[in-house]
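Chemist: This is the structure I want to talk about, given as structure tokens.
The values are calculated or read from the model by the stated rules, or taken from the named source; none is laboratory data. If you're wondering where the values come from, they're calculated on a predicted model, not measured in any experiment. Virtual Cβ from ideal backbone geometry, glycine too; neighbours counted across all protein chains shown. For accessibility, only protein heavy atoms count, side chains too; no ligands or nucleic acids. Shrake-Rupley method; radii C 1.70, N 1.55, O 1.52, S 1.80 Å.
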Amino acid sequence: MIMEPHSSKTLVVTILVSLSLSLAPCLALASTSCKFPAIFNFGDSNSDTGGLSAVFGQARSPHGESYFHGPAGRYCDGRLVIDFIAKSFGLPFLSAYLDSVGSNFSHGANFATAGSTIRPQNTTLRQSGFSPISLDVQYNEFYDFHPRSQVARNRGGVFKQLMPKAQDFSRALYTFDIGQNDLTAGLFLNMSTTQVKAYVPDVLNQFKNIVKNIYGQGGRYFWIHNTGPIGCLPYVLDRLPVLAAQVDNAGCAIPYNKVAQFFNRGLKQAVFQLRKDLPLAAITYVDVYSAKYSLISQPEKHGFKEPVRACCGHGGKYNYNLHIGCGGKAKVHGKVKLVGKACQDPSLWVNWDGVHYTQAANKRVFDQIVDGSFSDPPIPLKRACHRQQAH
């Protein structure tokens, strides 16, 4: 049967109206903000709020000086990106799971520790500087915390106030910021960039397994940061060989940044596969590499004067010394003196101690990623509970 032109137009309009009506609830849902009652974080020093300090000793002064006015378990002069994420949802700062003093887990827990890797390292903290609390250990802590928190909560009283509700585990946001140390671990063992790239697939497989395990525990909403430009960090630039021709206009080592980019491409593919394997999960991949590199390559645009050198440290081209770090002391003319001092105004510096970013830089990273501009799918943090088509 041949339709008249008028009839075909009517049919098209009818179909379009029907589609718009059927999609309206989905579009309305996707535009609503998420109400995350808790955050469970996994990672390394980029998001450690006191885990390593609780086990191996407090991060010494002047760490924490800009906001906490003293050491607060963070390798930074103040707050981290995870602190700004928690604040954006009206949640208190996350207590470190390993910290038994004054912790409150009613709004989530932080399993991250400085020096952590995805893949377990066959070494000790004192030998290599890498934490024994790798991502699989952090998951084991979470796996144990999940049921035991409810046993404690059911005891009532103060325990009820300090532990998350059972339903919060499936409604929480699960955040990840880990991978940097997996790359530098190989580089610091004098592996070539090719050798480091060769084991990245195994690292990413282990990462995927952890996400799947958390999904099996009821986790549904995941916010996953990629790793930053390691070739721009003083502790890499100072310790590893770099030819002048291998340094870009921002002062960063191109070969080591390429390793980070290689890892990030693999991580993005891993996230893509996880979306297929975990159909009920909303997984957001966040390109913090680009957000951080922007601070270093365009410091004036973001209000910084020192993009690469460490604010807190001692000596050398980058104000970084492996043996005398931020807060470090040394004998000077027979007397022990503080030599690892902080700069006068950390808010003008991107790098804090040669390894980590300043509070000001962390805030600028957060400000860039919070609206979804650096995310795949391009979804704002406040809507990270909604599943959308990724690029």
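Chemist: Condition check: open to solvent by less than 40 Å² (accessible area, probe 1.4 Å), of a type in the set (S, T, Y) and either touching a Ser or Thr at 6+ places or on another chain (Cβ under 8 Å) or over 30 Å from V151 (Cα atoms) (or both). Does T175 satisfy that?
Modeler: When the stated conditions are applied, T175 passes them.
Chemist: Does the stretch 233-246 hold any residues that are outside any loop (DSSP other than H, G, I, E, B) and either in contact with a helix residue (DSSP H, G or I) (Cβ under 7 Å, 6 or more places away or on another chain) or in contact (Cβ under 8 Å) with a residue 60 or more places away in the chain (or both), and which are they?
Modeler: P234, Y235, V236, L237, Q246, listed by residue number.
Chemist: Could you tell me whether the stretch 142-157 includes any residue that is closer than 19 Å to S47 by Cβ, small (G, A, S) and in contact (Cβ under 8 Å) with a residue 40 or more places away in the chain?
Modeler: no
Chemist: Of the residues that sit in the stretch 305-315 and are closer than 15 Å to V355 by Cα and in contact with a helix residue (DSSP H, G or I) (Cβ under 8 Å, 6 or more places away or on another chain), which one is surrounded by the fewest Cβ atoms within 10 Å (Cβ to Cβ)?
Modeler: E306
Chemist: In the stretch 155-210, which residues are within 16 Å of the chain's Cα centre (by Cα), part of a helix (DSSP H, G or I) and of a type in the set (A, V, I, L, M, F, W, C)?
Modeler: Selection gives L183, L204, F207, I210.
Chemist: For I133, indicate whether it is modelled with pLDDT of 95 or more and either outside any loop (DSSP other than H, G, I, E, B) or in contact with a Phe, Trp or Tyr (Cβ under 6 Å, 6 or more places away or on another chain) (or both).
Modeler: Working: modelled with pLDDT of 95 or more: yes; either outside any loop (DSSP other than H, G, I, E, B) or in contact with a Phe, Trp or Tyr (Cβ under 6 Å, 6 or more places away or on another chain) (or both): no.
Taking the combined requirement at face value, the residue does not satisfy it.
Chemist: Also: Which one of these is at pLDDT 95 or above, hydrophobic (A, V, I, L, M, F, W, C), farther than 22 Å from I369 by Cβ and surrounded by fewer than 15 Cβ atoms within 10 Å (Cβ to Cβ): L187, L243, L237?
Modeler: L243
Chemist: Something else: Pairs under 6 Å by beta carbon, first residue of a type in the set (D, E, K, R) in the stretch 292-305, partner open to solvent by 40 Å² or more (accessible area, probe 1.4 Å), six or more apart or different chains?
Modeler: Qualifying pairs under 6 Å: K305/L348.
Chemist: Then there's this: Can you tell me which residue is nearest to I214 (Cα to Cα) among those in the stretch 106-130 that are under 16 Å from the mean Cα position of the chain (by Cα) and assigned to a loop (DSSP other than H, G, I, E, B)?
Modeler: Result: F111.
Chemist: For residues in the stretch 269-303 being in contact with a strand residue (DSSP E or B) (Cβ under 8 Å, 6 or more places away or on another chain) and among the charged types (D, E, K, R), which is surrounded by the most Cβ atoms within 10 Å (Cβ to Cβ)?
Modeler: K292
Chemist: Restricting attention to the stretch 81-128, and to residues there that are under 28 Å from L183 (Cβ atoms) and free of Cβ contacts under 8 Å to residues at least 24 places away in the same chain, which single residue is surrounded by the most Cβ atoms within 10 Å (Cβ to Cβ)?
Modeler: Result: P120.
Chemist: Let me ask another. Report yes if some residue within the stretch 348-358 is outside any loop (DSSP other than H, G, I, E, B), touching a strand residue (DSSP E or B) at 6+ places or on another chain (Cβ under 6 Å), of a type in the set (V, I, T) and closer than 22 Å to I82 by Cα; otherwise report no.
Modeler: Within the stretch 348-358 (the criterion being outside any loop (DSSP other than H, G, I, E, B), touching a strand residue (DSSP E or B) at 6+ places or on another chain (Cβ under 6 Å), of a type in the set (V, I, T) and closer than 22 Å to I82 by Cα), the answer is yes, since at least one residue qualifies.
Chemist: Right, another one. Of all residues in the stretch 325-344, which are open to solvent by 30 Å² or more (accessible area, probe 1.4 Å) and part of a strand (DSSP E or B)?
Modeler: K329, K331, V332, K335, V336, K337, L338, K341
Chemist: Is there a residue being modelled with pLDDT of 95 or more, under 19 Å from the mean Cα position of the chain (by Cα), farther than 21 Å from F188 by Cα and open to solvent by less than 50 Å² (accessible area, probe 1.4 Å) anywhere in the stretch 260-268?
Modeler: Checked against the condition, which is being modelled with pLDDT of 95 or more, under 19 Å from the mean Cα position of the chain (by Cα), farther than 21 Å from F188 by Cα and open to solvent by less than 50 Å² (accessible area, probe 1.4 Å), the stretch 260-268 yields at least one hit.
Chemist: Against the definition (buried (at least 20 other Cβ atoms within 10 Å of the Cβ), small (G, A, S) and touching a Leu at 6+ places or on another chain (Cβ under 9 Å)), how does G354 come out, yes or no?
Modeler: The answer is yes for G354.
Chemist: May I pose another question? I'd like the full set of residues that are part of a loop (DSSP other than H, G, I, E, B) and either crowded, with 24+ Cβ neighbours inside 10 Å or touching a strand residue (DSSP E or B) at 6+ places or on another chain (Cβ under 6 Å) (or both), limited to the stretch 39-58.
Modeler: D44, S45, N46, S47, D48, T49, G50
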